[in-house]
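One structure is given here, and the rest of the page talks about it.
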Amino acid sequence: MQLAQKFQKLFTRDAAESLWEHACRWTHPVSSRRILATIDKAELVRLREHYPYRPNARKINAYEDANYWVGVNVKRVQDLWLDRSPPLDILDLGCGPGYFLYLCRLFGHKGLGLDPDDEPFFRGTTKFFGVSRVVARINAQTPLPDLGKQFDLVTAHRVCFHRIARRANGEWLEWTEADWKFFINDVRTRFLKPDGRLLLEFNRRADGSSFFTPELRAFFEAQGARIMRWKALLAADPAERPRFKIRSGGL
């Protein structure tokens with residue numbers, strides 16, 4: 001029975017998509033070692049000493065661990081083909097410590113972050129990485145602040161702004177489909193260039209299952225999303241099928 005379950009896992013959609021992602025990354029490798037050589041890791045340690053952990057912070061929040069976070073963000077850059085695309089204007093929602101936009105700049109892109117000023121450590125790291133950021137919070141049914149420009153790519157990694165409050169059983173109360181529709185439309189109409197893309201990367205749920213329940217998967221697909229594992233990619237035009245890979249000659 002256990003052997004049958006193991007074989008079943010090998011042939012799940014998640015496993016197949018994971019294999020495809022790894023294959024695509026293999027075709028255009030990026031050296032994390034060379035990127036890490038550009039970062040003064042001792043300065044990150046000093047910043048952590050200046051901005052100590054908040055009480056009850058999880059280990060995943062060891063944002064001074066450049067080895068780990070560069071590895072994470074190299075994969076993000078590869079998955080969006082940002083290591084081999086023409087220069088893009090990128091908006092990163094919930095930019096956190098700034099690793100993603102730092103890597104984007106190394107590959108010739110212009111980036112702007114947007115994040116609430118809840119984590120003092122991020123004030124130091126975004127300055128350290130030279131990441132420009134707008135301090136703002138993303139709320140349901142509320143337009144994002146006017147940034148004065150549109151972007152080729154809008155990203156949001158490990159999205160948590162859709163979590164409103166915890167229920168008594170510990171589960172999150174989340175945005176409704178109407179809230180998501182408002183947000184997607186706001187980004188599409190105000191922040192994406194005509195050929196722009198919106199990438200949303202979600203955490204798994206507490207039980208290890210996908211963020212995309214059958215209902216949410218159907219909703220995002222109805223919005224024109226291409227779903228790959230825990231990520232949803234949307235084009236500026238809802239009728240257009242978005243691509244992770246940059247088309248030759250532009251977006």
Out-of-range pairs (alpha-carbon distance over 25 Å; input LYS181/LYS231; LYS75/LYS245; LYS110/LYS181; LYS75/LYS181; LYS127/LYS181)
LYS110/LYS181; LYS75/LYS181; LYS127/LYS181
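Averaging sequence separations of C-alpha pairs under 8 Å and six or more residues apart, then dividing by the length of the chain, give the relative contact order as a whole percent.
Working: 348 pairs, mean separation 37.4, N = 251.
Relative CO of the chain lands at 15 percent.
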How much net charge surrounds VAL45 when only the other residues with a Cβ under 12 Å from the Cβ of VAL45 are counted, with Lys and Arg +1 and Asp and Glu -1?
-2
Could you compute the FRET efficiency for THR213 and ALA42, with r as their C-beta to C-beta distance and R0 at 41 Å, rounded to 0.05?
0.40
Nearest-10 value in Å² for the accessible area of HIS50, using the 1.4 Å probe:
130 Å²
Fraction of beta bridges assigned by DSSP in the chain that are antiparallel (%, nearest 5)
40 percent
Please report the spacing between the Cα centers of the stretch 106-175 and the stretch 183-251 in Å, no decimals.
17 Å
Looking only at aspartates and glutamates whose Cα falls under 19 Å of LYS41's and that sit 8 or more positions away or on another chain, we get GLU49, GLU64, ASP65
Which of the following values of P(r) over Cα pairs in 10 Å bins from 0, in percent was calculated from the structure shown: [x] 7, 22, 23, 17, 14, 10, 6, 2, 0; [y] 6, 28, 36, 24, 5, 0; [z] 7, 29, 32, 21, 9, 2, 0?
[y]
ASP179 accessible area, nearest 10 Å², 1.4 Å probe?
20 Å²
For ARG229, what accessible area in Å² do you get when you roll a 1.4 Å probe over the heavy atoms of the protein chains, rounding to the nearest 10?
40 Å²
Which one, SER32, ILE90, GLY108, projects farthest toward the positive side of the charge dipole computed for the stretch 25-119 from Cβ point charges (K/R +1, D/E -1)?
SER32
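What is the sum of charges around TRP172, taking Lys and Arg as +1, Asp and Glu as -1, for the other residues whose C-beta is under 11 Å from the C-beta of TRP172?
Values: positive: ARG163, ARG166, ARG167, ARG205; negative: GLU171, GLU174.
After counting each charged neighbour, the total is +2.
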Please turn the phi angles of the stretch 78-89 into ³J(HN,Hα) values with the Karplus equation 6.51 cos²θ - 1.76 cosθ + 1.60 (θ = phi - 60°), one per residue in order, whole Hz, x for glycine and proline.
5, 4, 9, 6, 6, 6, 9, 10, x, x, 10, 8
With +1 on the Cβ of every Lys and Arg and -1 on the Cβ of every Asp and Glu, the dipole magnitude of the chain about its Cα centre, in debye rounded to the nearest 20, is 560 debye
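The values are calculated or read from the model by the stated rules, or taken from the named source; none is laboratory data. Note that the structure is a prediction, hence the values are computed from the model and not measured. Backbone-built Cβ (ideal geometry, glycine too); neighbour counts: all protein chains shown. Only protein heavy atoms, including side chains, enter the accessible area calculation; ligands, DNA and RNA are left aside. Shrake-Rupley method; radii C 1.70, N 1.55, O 1.52, S 1.80 Å.
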